[in-house]
């Protein structure tokens, strides 16, 4: 059984961390700046058969629609993360769609035999990502009004050698990346740290209390044809709407 995302060093128990994050976060996510190229029903975002009928091989459009719909991913059995694409990555995906979704640019969803990143052909322990098979991402905590009600965001950004994405990994994140190892000892970055390193709009986007841990991610299917967004350390989430219990818990301020 794969353990959950790393517990931030400020707390020792997930329940207390989640409760604290929900009660203390004081800012909101920015609204998406543009509408999706195509409309989609909620079911096509979450149900594998309807997803395939709606999108086929157009994974780039699917990821954009998940972002635009503020869709949530269920990580580690109940941690609801809203998927957020950086503006540069969203624009990149839309350019892939506009160009006809050429096979060499479409994001790849690996088959069910690749349930861990190290099983991918050509895998190596590095910070490299290509926006096709491997993605730069961040696990962000204490984001008020993140969908799912837990203050969690999973951000993906554009990876390249030119550092063209102002919301992407900083030079320090790239140099210090060791996401294949144990979570204990990894560096969680505050908004102040990230802004000092070059992500100048982090607090404006996610809030002054938000903090983040960066991971590489990839996409794969399981035996039920569900898509999973998986971190290099093995924690993964699948598109999932909050349960009735989670919605009720949010109404009453429960963790």
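Details
- In segment 39-52, the residue that is nearest to residue 137 (Cα to Cα) out of those that are in a helix (DSSP H, G or I) and touching a helix residue (DSSP H, G or I) at 6+ places or on another chain (Cβ under 7 Å) is 45.
- Counting only residues that are under 18 Å from residue 242 (Cα atoms) and surrounded by 21 or more Cβ atoms within 10 Å (Cβ to Cβ), segment 75-105 holds 6 of them.
- Filter pass, residue 6 being outside any helix (DSSP H, G or I), in contact with a helix residue (DSSP H, G or I) (Cβ under 9 Å, 6 or more places away or on another chain) and at pLDDT below 95: no
The values are calculated or read from the model by the stated rules, or taken from the named source; none is laboratory data. Since we're looking at a predicted model, the values are computed, not measured. Here the Cβ is made from the backbone with ideal geometry for all residues, glycine too, and neighbour counts use every protein chain on show.
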